[in-house]
Amino acid sequence: MRYLVVGAAGHGQEVAWSLREELRALGESEAEIAFLDDAVRAGSEVACGLGPVLGGVELARREAARANTRLVMGVGLPRTKAAIVRRLDVPEHVWTPVVHPSAIVGPNVTMGVGTYVGPGAVLTVNVQLGRFVTINTHCLVAHGGVLGDFATLHPDAHLSGDVAIGQGCEVGAGSIVIPGLTVGEWAVLGAGAVAVDHVSGGRTHVGVPARELVRGAVPQRPLPLPLGENQPTRSLTRFLR
Ligand SMILES: CC(C)(COP(=O)(O)OP(=O)(O)OC[C@H]1O[C@@H](n2cnc3c(N)ncnc32)[C@H](O)[C@@H]1OP(=O)(O)O)[C@@H](O)C(=O)NCCC(=O)NCCS
């Protein structure tokens, strides 16, 4: 079998590495790996040495028609993944999922075409991943997690139990979503955010606890506290200036 990884940048090379490890674990040592990327010169080799770049993404249309060829999504950003899938419009069964052999995948976990699960990721039980979902290195998806098509968890993102991540969401590196929350479609959670409430679709939230990122907003000064019993102690007042 020949695997064409669409996207030869750093993430695509990580996906190719996971694929090679998966193929080795399955005993498919004859498989070939190559890359397609519009921004890289055809004929060059990717930096990590996992294979040549054959040409631009458009080549996938022709190559995917061959019986011995599968496509692999090597791009991590939700909108770019969706644009590539739309542009190529090849039968979806040619997009193969890739799961690094060090990922832990529990019972009743389902995943759609073109999905990627990176090294050290943990999907516990009753998890549903849609089409072209990216679960990057060291992520956790706990019981009952549901991720819509094209959603991406960047490295070390942790979803607690029964979290629903809408189609096209991007969950930043090291972020946490507490149990039972919903993150609306095409929303973004910034790196390091902790979502403690539902996140509306299409919005960007950052920080701990996560708050909507409002661009160009006048910085808010904390309101003065009333004088009285609840006045902060001296050690806290320095944080309120
Ligand atoms: C949240 C995010 C999407 C915003 O990106 P952006 O739209 O380009 O925003 P900017 O960089 O212009 O930052 C806008 C403001 O948000 C702040 N901000 C950006 N990211 C933040 C984050 N993760 N947490 C807290 N504040 C953040 C910036 O400091 C800036 O504040 P200011 O207006 O007071 O200066 C991006 O910073 C982010 O965190 N992306 C996650 C990417 C990731 O995890 N990648 C992993 C790849 S492996």
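The values are calculated or read from the model by the stated rules, or taken from the named source; none is laboratory data. None of the values given here were measured: they were computed from a predicted structure. Positions of Cβ are generated from backbone atoms using ideal geometry, with glycine treated the same way; all protein chains shown enter the neighbour counts. Ligands, DNA and RNA are excluded from the accessible area calculation, which covers all protein heavy atoms including side chains. Shrake-Rupley method; radii C 1.70, N 1.55, O 1.52, S 1.80 Å.
So how much slack lies between residue 79 and residue 32, counting 0.36 nm per residue of separation and subtracting their Cα-Cα distance, in nm?
Stretched fully, the residue 79-residue 32 segment lengthens by 14.1 nm.
Using the crude model of +1 on Lys and Arg Cβ and -1 on Asp and Glu Cβ, and no other charge, please compute the dipole size for the chain relative to its Cα centre, in debye to 20.
720 debye
With a 1.4 Å probe and all protein chains left in place, how much of the accessible area of the chain comes from carbon and sulfur atoms, in whole percent?
55 percent
For the chain, what does the accessible surface come to per residue with a 1.4 Å probe? Please give it in Å².
Value for the chain: 51 Å² per residue.
Placing one identical point scatterer on every Cα of segment 98-210 and ignoring solvent, what is log10 I(q)/I(0) from the Debye formula at q = 0.12, 0.15, 0.23 Å⁻¹?
-0.32, -0.50, -1.26
Taking the Cβ of residue 155 as the centre, find all other residues whose Cβ is under 14 Å away and add up their charges (Lys, Arg: +1; Asp, Glu: -1).
Once all neighbours under 14 Å are counted, the net charge is -3.
How big is the Kirkwood radius of the chain, worked out from every pair of different alpha carbons and given in Å to one decimal?
Over the chain, the inverse of the mean reciprocal pair distance is 19.3 Å.
In a shell of Cβ-Cβ distance under 14 Å around residue 212, excluding residue 212 itself, what net charge do Lys and Arg (+1) and Asp and Glu (-1) give?
Here the count lands on +2.
Could you size up the charge dipole of segment 2-69 around its Cα centre, putting +1 on the beta carbon of Lys and Arg and -1 on that of Asp and Glu, and report it in debye to the nearest 20?
180 debye
What order, most packed first, do the peptides 46-57, 23-34 have when packing is the mean number of other Cβ atoms within 10 Å of each residue?
Answer by packing, highest mean first, reads 46-57, 23-34.
Under a Cβ-Cβ cut-off of 14 Å, what is the net charge of the residues other than residue 192 that fall near it, where Lys and Arg count +1 and Asp and Glu count -1?
Overall, the nearby charge balance is -1.
Using θ = phi - 60° and the Karplus relation 6.51 cos²θ - 1.76 cosθ + 1.60, list the HN-Hα couplings for segment 78-88 in order, rounded to whole Hz, with x at every Gly or Pro.
Here the 3J(HN,Hα) series is x, 5, 5, 4, 4, 5, 5, 4, 5, 5, 6 Hz.
Please give the contour-minus-distance gain from residue 178 to residue 67: 0.36 nm per residue of separation, less the Cα-Cα distance, rounded to one decimal in nm.
So the chain would gain 35.6 nm between residue 178 and residue 67.
For residue 203 and residue 93 in the same chain, what is the full-extension length gain: residue separation times 0.36 nm, less their Cα-Cα distance, in nm?
Going from the current span to full extension adds 36.4 nm.
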